[in-house]
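Chemist: Quick one: the structure is below, questions incoming.
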C-alpha cells in the first residue's frame, strides 16, 4: 500500500511541474484535474478504517476536483476566449526552478515535523507542502485570472493532502465544508473572469482594480 501511495504522490508532484511549466491554459486545467482525481483515491491507500463518510468524501472529491470544476473552468476559458498565459510575472523556466527549490525544501522541512511514527516515511507531508508552494507560485506569478484560479485549486489540493493525515479524526461536515468552500471560490472566480473579459476584452487580473458597478 505504501508503495502505491508513494507512486501516486510522485505523479501528483509531477503534475505540479506540468502546471508550472505549461502556458496553454487547457493543459494546466487538465493537469490540475488529473491531480484532483488522483487525490480522491488516496484515502483508499493510507490504511485508515474507511466508513461511509470516507467513501462519500472520495466520491465527492473525485467528482468535484476531477470533473465538475475542470468543466466549469473550460467553459469560462471558452467564454473569455483565452488560450495561453503569454507574459507571466515570472518566466516559466524560473517558475520551474522555484518549484523544484520549494519541493526540495519541503522534503527537508517535513523531516523536522513531529509526525506520528507511521507517517514519517510517507511522501504525504512533503507532497502536501510542495503542492501548497506550487499553488502559491501560480497565484502570485500569473496574470490571467483563470490561471490564478488554478493556483488556488493547487493550493487547496495541498491542504487536502495534509488533511488526509487526520482523516479518521475529521468530522464529515468539516471535510465536505472544505470542498464546498473550494467550489464556491471557483464559482466566484468564474464570475470575476467573465466580468473582467466583458469590460476589458481581456482576462488579466491586472484590471480588477478598475472594475466598478
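Chemist: Of everything in the stretch 19-33, what is surrounded by fewer than 17 Cβ atoms within 10 Å (Cβ to Cβ) and in a helix (DSSP H, G or I)? Give them in sequence order.
Modeler: Answer for the stretch 19-33, where residues must be surrounded by fewer than 17 Cβ atoms within 10 Å (Cβ to Cβ) and in a helix (DSSP H, G or I): 21, 26, 27.
Chemist: Right, here's the next one. So which residues in the stretch 61-91 are part of a helix (DSSP H, G or I) and either modelled with pLDDT under 80 or within 16 Å of residue 158 (Cα to Cα) (or both), if there are any at all?
Modeler: 61, 62, 64, 65, 66, 76, 79, 80
Chemist: Inside the stretch 139-160, can you point out the residues that are under 10 Å from the mean Cα position of the chain (by Cα) and crowded, with 20+ Cβ neighbours inside 10 Å?
Modeler: 149, 150, 151, 153, 154, 155, 156, 157, 158, 160
The values are calculated or read from the model by the stated rules, or taken from the named source; none is laboratory data. Given the structure is predicted, the values throughout are model-derived calculations rather than measurements. With ideal geometry, Cβ positions are generated from the backbone for all residues, glycine too; neighbour counts draw on all protein chains shown.
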